[in-house]
Each structure stands twice: as C-alpha cells, then as structure tokens.
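*Asks:* Dropping the structure in here first, questions after.
All of the numbers you see were taken from the coordinates with simple rules; none came from a lab. Computed from a predicted model, the values in this text were never measured in an experiment. Glycine gets a Cβ as well: all are built from the backbone with ideal geometry, and neighbour counts include every protein chain shown.
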Amino acid sequence: MAFKHNIPLPVLLFGLVALVLLGLVVFHSPPDEDLLRQAVDAYVATLGPVKQMEQHGAVVDIIAGDNNRLIYALFEKKDGKWTYSRNLAEEFTTAMKAPETQTVVVRHLGEKVSQRFQSTVTFKEGLQFKYELGRDPGTQELLGTCSVKFAYPKAADAPQRTGLYVETFEWKNDQWQSRGPGTLFDSVGQR
C-alpha cells in the first residue's frame, strides 16, 4: 500500500508567506537615514542643552550650550555604523591658521592686487585675517571664507586706501580646500 504525499496548495502558500515574513523580520535593518539619525541623537545627547539642529546629509549643524557654540558635526559610516567623526568648524579654524594656508591666501591676494596695479606688490607682516564658516543660502553647501584687510600701495598725492580680500574654501576630500583666488573689495571713503 502506497501513500500519496500531496500537500494542499493553500498550506504550501501559507508556509511560503510565513518564511518570507520571518526572513524580513530577522534580516531587516533600519534604513540608512534612520541609522544616521540614531548616531546624531546619541552624539547630541552628549552636548548638553541644544538650541537648534539642522541635518544636511552627513553634516549636522548644531547650536549647543549656554554660549550658543556652533558645531558642524561630520558623521561617517564605518563597519556599517554611523559615528561622529569631527567638528568641521574646528577643522576649518585649524586649517586657516596653518602657515601654509595663510601663505596661499596672501599669494592670491598679491596676484589680485598686482593685476589691478600692473606692478609687483608685497605685504608687510600684520595682515588681519578673519575666518567664517556657514551655509550658502542658495545651495546650503557648507563654505568657509577667509577675509584679509589690507592697505593698497599708497599713491603720492592720494589718501591711503584700504581693501578687503575674501577667499572661499570648501570641504573636499577630507580637507578644506581653496576654490582659488578670491575677490577684492575696496573701502569707500567719505565724499
């Protein structure tokens, strides 16, 4: 006597659906955005009172503490987990204070002034550097600027003119890089 091993089709379909659902539950991981948000929340919890926070991809702009410190927190994915990597504001300040960066900015400034006056120029020590970091209003890209106040070469019969040179930097390939020679602005005297 032989037995027939036919399994009814509804039972087979139910078993297949149950296996698929079990696989989804066991092997499902949250979306990458949720994992990043969890890492951001864990980091923000270490900062104390946070007044404002905006996420721009892997960079989170945070205003924290009683002194309203602005943090541009960069997060990186390592071994499948998002973690806080560095504060781009601190990285920018360090990069701008580096002698090699200041040398490049002064060289670009000299090139711009030389082009304007069609002569060679040199700058004495004591140029005033100012650094700012912020979001471009149109693109929301994080950009840094280095501004330098300077005095133009003095003409014999004219008052001393001053100017401002502004160069833009962007975070690229894990470092702050200049976008090239910046822009000269002239101070306007009283009329």
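*Asks:* Using θ = phi - 60° and the Karplus relation 6.51 cos²θ - 1.76 cosθ + 1.60, list the HN-Hα couplings for region 77-92 in order, rounded to whole Hz, with x at every Gly or Pro.
*Replies:* Those phi angles translate into 9, 10, 6, x, 10, 7, 9, 5, 9, 6, 9, 5, 5, 5, 4, 5 Hz.
*Asks:* Modelled label-to-label distance, D34 and Q177, 7 Å Cα→beta-carbon offset: nm?
*Replies:* 3.6 nm
*Asks:* If contacts are Cα pairs under 8 angstrom and at least 6 residues apart, what is the relative contact order of region 98-186 in percent?
*Replies:* Across region 98-186, relative contact order equals 23 percent.
*Asks:* Sticking with this one: Give me F92, F123 ranked fewest to most by other Cβ atoms within 10 Å of their Cβ, as a rough exposure proxy.
*Replies:* By the 10 Å Cβ count, ascending: F123, F92.
*Asks:* Right, next: If you take the square roots of the eigenvalues of the alpha-carbon gyration tensor of region 98-186 and sort them as a ≥ b ≥ c, do you get rounded (a/c under 1.5), prolate (a/b over b/c) or oblate?
*Replies:* Values: a/c = 2.38, a/b = 1.96, b/c = 1.22.
Here region 98-186 falls in the prolate category.
*Asks:* Given H placed 1.01 Å from N in the peptide plane, which residues other than close sequence neighbours of E141 have an amide H under 5 Å from its amide H?
*Replies:* D136
*Asks:* Given the options G138, A156, Q177, identify the residue whose Cα lies farthest towards the positive end of the charge dipole of region 98-186 (+1 on Cβ of Lys, Arg; -1 on Cβ of Asp, Glu).
*Replies:* Farthest towards the positive pole: A156.
*Asks:* By count of other Cβ within 10 Å, fewest leading, how are I63, I71 ordered?
*Replies:* I63, I71
*Asks:* Mind running the shape call on region 30-86? Use the C-alpha gyration tensor, a ≥ b ≥ c as the square roots of the eigenvalues: rounded below 1.5 for a/c, prolate if a/b tops b/c, oblate otherwise. Provide the component values of the computation, followed by the final result.
*Replies:* Details: a/c = 2.15, a/b = 2.08, b/c = 1.04.
Because a/c hits 1.5 or more and a/b exceeds b/c, region 30-86 counts as prolate.
*Asks:* Taking Cα pairs under 8 Å and at least six residues apart, what relative contact order does region 88-144 come out at, in percent?
*Replies:* 27 percent
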